[in-house]
Ligand code: NCD
């Protein structure tokens with residue numbers, strides 16, 4: 001059972017290691033593995049990852065930097081724009097005492113026509129883990145299939161973003177104490193938004209109620225809703241956010257993914273359909289959490305930023321701790 005972060009270090013069985021660090025007991029299920037999809041995690045795995053992230057948080061808050069991975073290197077290989085994911089993986093590795101090789105794909109041999117496979121065959125010689133983002137669905141799995149070192153999916157097109165889902169889960173757990181019993185709305189572009197695909201699959205391990213609020217053109221893909229149905233996860237599809245607000249414990253807004261629309265006109269038709277503003281927030285519970293993976297464009301107005309229920313600028317902080325947990329686990333250090 002997952003413990004509340006406040007009590008974590010009192011109640012978790014711990015072992016002393018690395019002269020002074022008290023690390024949580026783990027099963028090492030992720031050691032040496034690729035992280036490609038949220039489908040590879042069981043509920044026990046998820047709770048273990050949140051416990052490790054809480055340990056990382058506590059360690060950073062007391063020590064700043066650990067030396068768990070001081071003999072390790074990671075590579076950031078991003079073929080799509082990124083601020084949070086790339087930045088938090090980079091700093092996560094640094095706070096573990098390791099180092100990062102940033103590959104600037106704009107200026108790399110990719111531009112000369114090198115294949116993805118060849119790029120991976122080269123980079124694997126330099127580093128112990130590769131963190132990769134790419135616009136094509138399945139590309140990260142393709143890279144992993146030729147890699148001798150673990151590859152972490154930092155977003156493959158409109159498919160998945162498993163590390164974002166893990167950090168979102170940790171954020172909910174840390175802010176709310178538990179996940180079971182929550183009603184969680186996902187709002188906006190549920191068709192192309194990879195964050196909500198991964199998050200829905202993770203939440204299917206919990207006793208939650210999901211509300212998918214989107215324009216008809218941007219509904220949650222049927223592959224995902226049928227997986228949820230098979231697992232008896234309660235979900236409903238809705239189009240009027242104002243009617244759902246009073247029932248939600250978490251409202252997870254998303255950006256309409258302009259870059260994935262084949263026709264710009266179709267994007268323009270739906271881009272302003274769901275906007276969270278002060279009026280919409282007034283329909284919400286007093287203890288609800290407003291989340292967003294960011295970047296936001298106009299789907300949350302800036303006047304909502306100071307509402308204590310807004311958690312979207314806290315998510316990246318939890319993200320760094322969860323990414324420390326993922327890196328240390330994949331590298332077999334915890
Ligand atoms: C998301 C992504 O890249 O899918 N960003 C992120 O990693 N925090 C969301 C988005 O781009 O809209």
Considering only residues that are within 16 Å of the ligand (Cβ to nearest atom), in a helix (DSSP H, G or I) and touching a helix residue (DSSP H, G or I) at 6+ places or on another chain (Cβ under 7 Å), which ones fall in segment 295-317? 315, 316
Name the strands (runs of 3 or more DSSP E) wholly within segment 12-115 that hold at least 2 residues that are at pLDDT 95 or above, away from the ligand (no atom under 16 Å from the Cβ) and under 30 Å from residue 200 (Cα atoms)? 73-78
Six or more apart or on different chains, Cβ under 8 Å: which pairs go from a residue in segment 31-44 that's under 10 Å from residue 331 (Cα atoms) to one that's at pLDDT 95 or above and surrounded by fewer than 16 Cβ atoms within 10 Å (Cβ to Cβ)? Could you list them? 31/332; 32/332; 33/40
Which residues, counting only those in segment 165-189, are surrounded by fewer than 24 Cβ atoms within 10 Å (Cβ to Cβ) and not in a strand (DSSP E or B)? 173, 174, 175, 176, 177, 178, 179, 180, 181, 182
Filter result for residue 174 (farther than 25 Å from residue 77 by Cα, modelled with pLDDT of 95 or more and in contact with a helix residue (DSSP H, G or I) (Cβ under 9 Å, 6 or more places away or on another chain)): yes
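Counting residues that are within 16 Å of the ligand (Cβ to nearest atom), which strands (runs of 3 or more DSSP E) fully inside segment 198-279 reach at least 2? If you could, list the steps in order and put the result at the bottom.
Details: elements: 209-213, 234-238, 250-253.
So the answer is 250-253.
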Within segment 148-164, can you find the residues that are crowded, with 19+ Cβ neighbours inside 10 Å and more than 16 Å from the ligand (Cβ to nearest atom)? 149, 150, 151
Name the one entry in 274, 283 that is modelled with pLDDT of 95 or more, more than 28 Å from residue 154 (Cβ to Cβ) and surrounded by 14 or more Cβ atoms within 10 Å (Cβ to Cβ). 283
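The values are calculated or read from the model by the stated rules, or taken from the named source; none is laboratory data. This is a predicted model, so every value here is computed, not measured. Virtual Cβ from ideal backbone geometry, glycine too; neighbours counted across all protein chains shown.
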